[in-house]
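Some notes on the structure that comes next.
Coordinate-derived values only; no laboratory data. Here the structure is a predicted model, which is why all the values come from computation and not from measurement. Note: ideal-geometry Cβ built from the backbone for every residue, glycine included; neighbour counts use all protein chains shown.
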Amino acid sequence: MKYTFLELLQWQDRTAYTFKDKIGREWALPLRIIVFNRSSYYTKIDGIDEGEAMEESLLLFKEDIGEIEDWARNNMDWEDIKNYAIIINNENVDMQDSWCNPEETRLKKL
């Protein structure tokens, strides 16, 4: 299917990659962060125009959503996303159980 660049940008703005952490919190990462990361990489590596790299990334992700997870998991670290990911669902966390049976404990100077 053929998409205009505007259609791809609008889709990007309405889409988030979501994941659950080990304690049950659901996080959302705006798709634009993943698109920017991939397009920046290819701009540097291949020397292509930023707009062209962005359009290529958007089209790839739109046509095969598995590519979104593949890029995010294999090419991005927590440091790349920590300022953009937000918790969207915290309902499944049993804090009483987490408090009584923590996965890890340690003392830390405050």
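Pairing residues of the stretch 44-71 that are touching a residue at least 12 places away in the same chain (Cβ under 8 Å) with residues that are loosely packed, with under 13 Cβ neighbours inside 10 Å and of a type in the set (Asp, Glu), at Cβ distances under 8 Å and at least 6 apart in sequence or on separate chains, gives ALA53/ASP46.
Number of residues in the stretch 19-43 that are without any contact (Cβ under 8 Å) to a residue 24 or more places away in the chain and not charged (D, E, K, R) equals 6. Residues that are assigned to a strand (DSSP E or B) and crowded, with 16+ Cβ neighbours inside 10 Å within the stretch 1-25 comprise ALA16, TYR17, listed in sequence order.
The set of residues in the stretch 1-18 that are among the polar types (S, T, N, Q) and in contact (Cβ under 8 Å) with a residue 60 or more places away in the chain contains only THR18.
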